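> Sharing a structure with you now.
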Amino acid sequence: MDNLRTLFIFGLLIVSLLLWQAWQKDYVHPQQTEQNTTSTQIDDGSLAANDAALPDMPSVSAEALPDVPESAQSSAATKQKIHVTTDVMDIEISTQGGDIQNLALLKYAVSSEEPNTPVQFLSDKSDAYFVSQSGLRSNMDVPTHYAIYKADQQNYQLRDGQDEIKVPLYWQADNGLTVVKTYTFKRDSYVVNVDYKIINNTADAFSAYPYAQFNRQKQSSGSRFIYTYSGPVFSNTGNEYEKVKFDDLDEKPFNQKAKDGWAAMIEHYFVAAIVPEQNDEEKGYYARSLNGTNYTAGVRMPAISVAAGSEGHADYEMYLGPKKAERLEKVAKNLQLTVDYGIFTIISEPLFWVMEWLHKLTGNWGWSIVLLTVLIKLVFFKLSAASYRSMAAMRKLTPKLASLKERYGDDKQKFNQAMMDLYRTEKINPLGGCLPILVQMPVFLSFYWVLVESIELRQADFILWINDLTAMDPYFILPVLFGISMWFQQTLNPAPQDPAQAMMMKFFPLVFTVFFAFFPSGLVLYWVVNNVLSIAQQWYITRKMDAL
């Protein structure tokens, strides 16, 4: 058992797993029709009076839900859009609910082929529905995310010299209760502050709790060959980071209570997170399926009470932007975990720090991948050397193994026994080439997830024809180089004695070239460099062993 065969088999398992995950996502759990999707958006003014017709609303209590006041029902005729532009975001806020319904990230293009078209992160379009919703809940007359607010103006822009802009929205009940919902957007920031100011000009005390949630349609994420998680995630005292899959929500809703934490919806490179004020008051974290196609995830915040003739405040923050660890860790504890390296986080994070440091030296993420691959090979140099020495020793035994094969013919039991006796006589461990590689596998897989999850590599230029390290090589040059390097490395290894295995091994370079043709070029670059370095080391050791 040599290390190249181990790499082939392990790699085939990885590819098979990725294909299985993609097949599951695309065909086993297909999305429902667009008609079902639009039915949950409830923006046509045809709301029923009872909360049972509003599945996207958090409940007031565990008891039977009260009626929704008339003032909380939407009126499509009076809805308007407020346009807000900062240096990093282009936002549309609807006066219905005062909610962010469209958000484009100006610093991130849809693709390298469309550099002037920004990513549409939040959208109220039926085929990509993903919006932010918030409001107040009470047995009293309060504005939910169906209420209609009024605005001072329809356009806001962060101008030169401004550090922030505020967008106030106003709602008033017939009894004189006034609610002012104010958004604050800051320069070079994806953090949005939302403040509720309650002005109680009534004769009675007021009590309600704020809630904030994301409502999104289930969509595929990533490519068919690279699986990345898309869906709700939560963090609180009990769980640093917890994924709640859409399919699980189809079975039962998610509910937790904690004093701190956050709720988010994530996709491959971007995250939308709700971060309530961190204090000793208990909050409710929830997620649910609305109809098997649309899902909500949010936070029910502590109730606020305002005496008659007084004012009260409640606020929270949202992060709506790229999964960049240095930004996320400043917003909330554990929010950087949305850069999801999975079980390899403890290894992946240091690898990314090193790659980021190399990027500061080179100014190019492609060369950072190359240099980090070299460093990884240096760290495991001795382990690799032990593996290659074992294979070189096995290679020298090839004539003797062929003789044994000829002597015992199809009697596999006698052949295997004679082969093990030969290994003992020559003092060769047949697993010597395999075990050192298995020790390195966690690092290889950790680096794989660094390359998959790092938004810094998205649309990052390398050299010549490679202008996006997260996209496939447009001319398939890197995959072909990978296949050639795999074939050349195969020639340095002892050939399997089983003719069927030998024939199968010859097809591996071709099979993997086809697979890697659809992988991100950054991943293929890593494997090409790794193979070239391995070939150089193995060739040197084999030549040295043959000279003995």
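The values are calculated or read from the model by the stated rules, or taken from the named source; none is laboratory data. Only a predicted model underlies this, so the values are computations on that prediction, with no experimental measurement involved. Heads up, the Cβs are rebuilt from the backbone with ideal geometry, glycines too, and the neighbour counts pull from every protein chain shown. The accessibility values were calculated without ligands, DNA or RNA, using every heavy atom of the protein model including side chains. Shrake-Rupley method; radii C 1.70, N 1.55, O 1.52, S 1.80 Å.
> For residues in segment 451-467 being over 13 Å from L525 (Cβ atoms) and in contact with a Phe, Trp or Tyr (Cβ under 7 Å, 6 or more places away or on another chain), which is surrounded by the fewest Cβ atoms within 10 Å (Cβ to Cβ)?
I455
> What number of residues in segment 203-222 are over 26 Å from A287 (Cα atoms) and surrounded by fewer than 18 Cβ atoms within 10 Å (Cβ to Cβ)?
3
> Answer with yes or no whether I93 is of a type in the set (V, I, T), closer than 21 Å to N294 by Cα and at pLDDT 95 or above.
Taking the combined requirement at face value, the residue satisfies it.
> Can you pull out the residues in segment 307-321 that are under 12 Å from L136 (Cβ atoms) and in contact with a Leu (Cβ under 9 Å, 6 or more places away or on another chain)?
A314
> Given (1) open to solvent by 60 Å² or more (accessible area, probe 1.4 Å); (2) under 25 Å from V443 (Cα atoms), where does E317 come up short, assuming only one miss?
(2)
> Looking only at residues in segment 340-357 that are under 16 Å from T228 (Cβ atoms) and free of Cβ contacts under 8 Å to residues at least 12 places away in the same chain, which one is surrounded by the most Cβ atoms within 10 Å (Cβ to Cβ)?
Across segment 340-357, the extreme among qualifying residues is T345.
> May I pose another question? Counting residues that are under 25 Å from the mean Cα position of the chain (by Cα) and touching a residue at least 12 places away in the same chain (Cβ under 8 Å), which strands (runs of 3 or more DSSP E) fully inside segment 264-311 reach at least 2?
270-276, 283-289, 294-300
So that you can scan it fast, the table gives a plain yes or no per residue for (1) open to solvent by 30 Å² or more (accessible area, probe 1.4 Å); (2) touching a residue at least 60 places away in the same chain (Cβ under 8 Å); (3) farther than 27 Å from Q120 by Cα; (4) not in a strand (DSSP E or B):
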{"position": "L136", "(1), (2), (3), (4)": "no, yes, yes, no"}
{"position": "N139", "(1), (2), (3), (4)": "yes, yes, yes, yes"}
{"position": "P143", "(1), (2), (3), (4)": "no, yes, yes, yes"}
{"position": "L169", "(1), (2), (3), (4)": "no, yes, no, no"}
{"position": "N175", "(1), (2), (3), (4)": "yes, no, yes, yes"}
{"position": "T184", "(1), (2), (3), (4)": "no, no, no, no"}
{"position": "V192", "(1), (2), (3), (4)": "no, yes, no, no"}
{"position": "N201", "(1), (2), (3), (4)": "yes, yes, yes, yes"}
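> Which residues, counting only those in segment 285-303, are aliphatic (A, V, I, L, M), within 17 Å of V131 (Cβ to Cβ) and in contact with a strand residue (DSSP E or B) (Cβ under 6 Å, 6 or more places away or on another chain)? Walk me through it before giving the result.
Taking segment 285-303 as the starting set, the residues that turn out to be aliphatic (A, V, I, L, M) are 287, 290, 297, 299, 301, 303.
Filter again for within 17 Å of V131 (Cβ to Cβ), leaving 287, 290, 297, 299.
Of everything in segment 285-303, those that are aliphatic (A, V, I, L, M), within 17 Å of V131 (Cβ to Cβ) and in contact with a strand residue (DSSP E or B) (Cβ under 6 Å, 6 or more places away or on another chain) turn out to be A287, A297, V299.
> Got a number for residues in segment 327-339 being touching a helix residue (DSSP H, G or I) at 6+ places or on another chain (Cβ under 8 Å) and either open to solvent by 20 Å² or more (accessible area, probe 1.4 Å) or farther than 18 Å from R458 by Cα (or both)?
Qualifying residue count, segment 327-339: 4.
> Within segment 360-370, take every residue that is part of a helix (DSSP H, G or I) and open to solvent by 50 Å² or more (accessible area, probe 1.4 Å) and give me the one that is nearest to S235 (Cα to Cα).
K360
> Next up: Between a residue in segment 449-466 that is closer than 26 Å to L328 by Cβ and any residue that is open to solvent by 30 Å² or more (accessible area, probe 1.4 Å) and of a type in the set (V, I, T), which pairs come within a Cβ distance under 6 Å, given they are 6 or more apart or on different chains?
That search, which allows pairs on different chains as well, returns L457/T470; R458/T470.
> Considering only segment 445-465, I want to know if a residue exists there that is modelled with pLDDT of 85 or more, farther than 24 Å from T228 by Cβ and outside any loop (DSSP other than H, G, I, E, B).
Scanning segment 445-465 turns up no residue that is modelled with pLDDT of 85 or more, farther than 24 Å from T228 by Cβ and outside any loop (DSSP other than H, G, I, E, B).
Okay, residues lined up against (1) over 18 Å from L337 (Cα atoms); (2) surrounded by fewer than 18 Cβ atoms within 10 Å (Cβ to Cβ); (3) of a type outside the set (F, W, Y):
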{"residue": "N255", "(1), (2), (3)": "yes, yes, yes"}
{"residue": "M265", "(1), (2), (3)": "no, no, yes"}
{"residue": "K283", "(1), (2), (3)": "yes, no, yes"}
{"residue": "R300", "(1), (2), (3)": "yes, no, yes"}
{"residue": "V306", "(1), (2), (3)": "yes, no, yes"}
